[in-house]
Amino acid sequence: MERYILSLDQGTTSTRALLVNAQGNIAAMAQREIVLSYPHPGWVEGDAEQIWRSAVDVVERVLAEPNVGADRIAGIGITNQRETAVVWDRSTGAPVYPAIIWQSRQTADICERLKRDGHEETVRSKTGLRIDPYFSGTKIAWILEQVPGSREKAERGELLFGTIDSWLIWKLTAGRVHVTDVSNASRTLLYNIYEKRWDDDLLAMMGVPKGMLPEVRSSSEVFGETDAALFGRAIPIAGVAGDQQAALFGQGCYEQGSVKNTYGTGCFMLMNTGSKAIASDSGLLTTIAWEVGGELVYALEGSVFVAGAAIQWLRDGLGFIADAADSERLAESVESAEGVYVVPAFVGLGTPHWNSDVRGSVFGITRGTTKAHLVRATLESLAYQTKDVLKAMERDAGMKLSRLAVDGGAVKNGFLMQFQCDMLGVPVEKPVVNESTALGAAFLAGLAIGYWDSKEQIRALRQVEREYSPRMDEAERQKLYAGWSRAVKAAIAFAE
Ligand SMILES: Nc1ncnc2c1ncn2[C@@H]1O[C@H](COP(=O)(O)OP(=O)(O)O)[C@@H](O)[C@H]1O
Ligand SMILES: O=P(O)(O)OC[C@H](O)CO
């Protein structure tokens with residue numbers, strides 16, 4: 001009887017359950033879309049209960065596949081959109097406020113206050129992060145400030161905080177287990193990544209009571225078992241990692257210096273820096289990649305807030321396309337973007353600018369501009385933002401990248417991948433199994449319970465589906481990128 005690892009991937013726009021077999025292939029998958037709300041400009045919120053229900057739904061659907069069932073599941077790996085903050089009541093399990101999504105800018109004022117009070121260097125030296133609304137810490141502070149009575153309750157130990165992994169584990173274990181892993185903890189702005197503990201100074205700075213926080217574990221161990229009433233049998237939850245770190249693991253980037261870039265709602269490039277945490281001078285983040293078998297690995301990260309989300313905007317906001325896949329055909333229907341640049345700074349800009357105020361802008365339109373040019377320019381913006389990040393990474397790491405491993409929803413777009421490769425001037429490598437995030441979580445879980453024996457065994461499972469080679473000449477590359485750099489500068493100037 002074949003057994004599987006069930007990987008639960010709770011992303012920004014969808015929740016997926018995937019069955020991974022011993023060869024590292026996806027045997028079945030179920031998916032459910034997540035609806036977000038945008039109550040004010042720059043705010044992004046979600047319904048934590050809807051996220052939980054979507055998780056139950058997708059797990060039930062994969063278990064109902066022919067010849068599956070809960071007794072075929074050796075263990076569960078959980079991977080999640082990171083930083084998104086949920087605060088819930090310990091006794092009822094009810095969230096006190098919607099989940100504040102990682103992209104949301106509603107804590108910009110709190111961040112300004114912390115910066116004015118001169119906390120930036122302390123935060124950076126303890127967490128490897130920056131004071132920015134992106135991270136969970138100020139989102140918790142905002143909830144405790146805004147929801148009447150919540151601060152008092154939190155201080156009495158009646159409220160709990162979790163990133164989405166903690167929230168799902170709490171629900172899956174019927175409120176018995178309140179934990180997270182080091183990779184998720186490292187995104188909260190409250191965790192000291194060098195001393196590996198919640199940091200009292202940071203908790204005081206953000207006014208977060210310690211009793212709200214989950215226990216921090218490694219990324220690959222048994223965290224608890226699902227409540228037997230849920231899926232008919234208790235199943236061990238044996239791997240947990242934030243989705244970008246999970247993708248790094250899933251791509252087999254185990255050596256120092258190996259890099260991957262994931263194109264989902266946002267776009268995140270991570271480099272494994274081994275046991276050494278590298279501090280950045282170029283707007284990158286220093287973060288924990290994972291802890292496996294007692295070995296803690298750090299990463300350098302470049303974070304782009306809007307990537308695939310810009311394609312969703314073309315679909316839902318502008319109605320230019322019916323489906324994200326249509327963007328490829330439209331982009332290829334024109335020779336070039338004809339000087340049009342879209343800067344999709346809908347929620348500000350992350351690496352390397354870290355500017356919460358800048359908003360999306362379109363430059364260079366003429367009477368001849370069509371929706372095809374705008375669609376093409378939007379897709380190109382994903383590649384330009386990635387180039388900005390890669391330049392910062394090469395500077396900080398003191399090395400040149402020879403190829404880029406890619407994954408995520410938007411790598412299905414052949415136009416985007418070729419343009420990306422042309423813009424970077426290095427080969428872009430797409431694996432056969434594009435679900436690196438889900439694979440990473442499955443591998444972490446499988447290693448903990450002996451489903452796989454070693455990282456080496458896992459890495460041997462990876463296969464490349466396609467390698468894109470650069471076709472653009474250097475002069476053209478430089479000209480296009482110079483235009484992008486001017487457009488970003490102008491968008492920032494407009495915000496000022
Ligand atoms: N063919 C495509 N071309 C461009 N973007 C795409 C395409 N297919 C999906 N996307 C984008 O990929 C994103 C979904 O990818 P996924 O990895 O599931 O994201 P997440 O984990 O952030 O929810 C969406 O934002 C969608 O717009
Ligand atoms: O939803 P994704 O896959 O774009 O990932 C979100 C990131 O984890 C945010 O930091």
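Points worth noting:
- Accessible area of region 236-394 belonging to carbon and sulfur atoms, whole % at 1.4 Å probe: 48 percent
- Where the chain is the region considered: accessible area per residue in Å², 1.4 Å probe: 37 Å²
- The distance from the alpha carbon centre of region 249-318 to that of region 19-59 is 20 Å, rounded to a whole number.
- Full-extension gain in nm, D201 to E335, via 0.36 nm per residue minus C-alpha separation: 42.7 nm
- Shape category assigned to region 93-132 from the gyration tensor of Cα positions, a/c cut at 1.5: prolate
- Beta bridges per DSSP, both residues in region 1-148: antiparallel share near 70 percent.
- Think of the chain as a dipole: +1 on every Lys or Arg Cβ, -1 on every Asp or Glu Cβ, centred on the Cα centre; then among T287, Q420, S485, S485 lies furthest on the positive end.
- In terms of packing, defined here as the mean over residues of other Cβ atoms within 10 angstrom, the peptides 192-198, 71-77 line up highest first as 71-77, 192-198.
- Panel note: the C-alpha atoms of region 89-239, placed on their principal axes, show extents of 53, 35, 27 Å (largest first).
- For the set K276/K387; K260/K455; K387/K430; K196/K276, the pairs lying more than 19 angstrom apart at their alpha carbons are K276/K387.
- Paramagnetic reach from N67 in region 5-47 [backbone N under 13 Å; point 7 Å along Cα→Cβ]: 27-28
- Linear extension gain, S275 paired with E60, 0.36 nm per residue minus alpha-carbon span: 73.5 nm
- For the pair region 369-383 / region 66-81, the C-alpha centres are spaced 39 Å from each other.
- Within the chain, DSSP assigns beta bridges of which about 70% are antiparallel (rounded to the nearest 5).
- Quotient of Cα Rg and 2.2 N^0.38 Å for region 237-287, N being how many residues it contains: 1.18
- Mean silhouette area of region 186-237, derived from the convex hull of its C-alpha atoms and averaged over all directions, reads 4.8 nm².
- DSSP beta bridges fully contained in region 110-267 are about 65 percent antiparallel.
- When the Cα atoms of region 284-357 are aligned to their principal axes, the ranges along those axes come out at 51, 30, 24 Å in descending order.
- Computed label-point distance, nm, for sites A460 and A27 using a 7 Å Cα→Cβ extension: 2.1 nm
- Ratio Rg/Rh, restricted to region 206-281 and using Cα atoms, in which Rh is the Kirkwood radius: 1.07
- Here the gap between Y38 and R233, fully extended at 0.36 nm per residue and compared with their Cα-Cα distance, gives a gain of 66.4 nm.
- Pairs of Cα atoms farther than 39 Å apart, the chain, %: 18 percent
- Accessible carbon and sulfur surface of region 50-140 relative to its total accessible area, %, 1.4 Å: 44 percent
- The packing ranking of peptides 244-251, 361-368, highest mean first, is 244-251, 361-368, where packing means the average number of other beta carbon atoms within 10 angstrom of each residue.
- Entry note, the chain: relative contact order of 15 percent, from Cα contacts under 8 Å with a spacing of 6+ residues.
- Of the peptides 300-312, 347-359, 454-466, 388-400, the order by per-residue mean of other Cβ atoms within 10 Å, starting with the highest, comes out as 300-312, 347-359, 388-400, 454-466.
- Rg then Dmax, both in Å and based on the Cα atoms of region 299-406: 14.9, 46.
The values are calculated or read from the model by the stated rules, or taken from the named source; none is laboratory data. Quick caveat, the model's predicted, so the values are computed rather than measured. Neighbour counts are summed over all protein chains in view; Cβ atoms, including those assigned to glycine, are modelled from backbone coordinates with ideal geometry. Ligands, DNA and RNA are stripped out before the accessible areas are found, and what is left, the full protein with its side chains, is counted by its heavy atoms. Shrake-Rupley method; radii C 1.70, N 1.55, O 1.52, S 1.80 Å.
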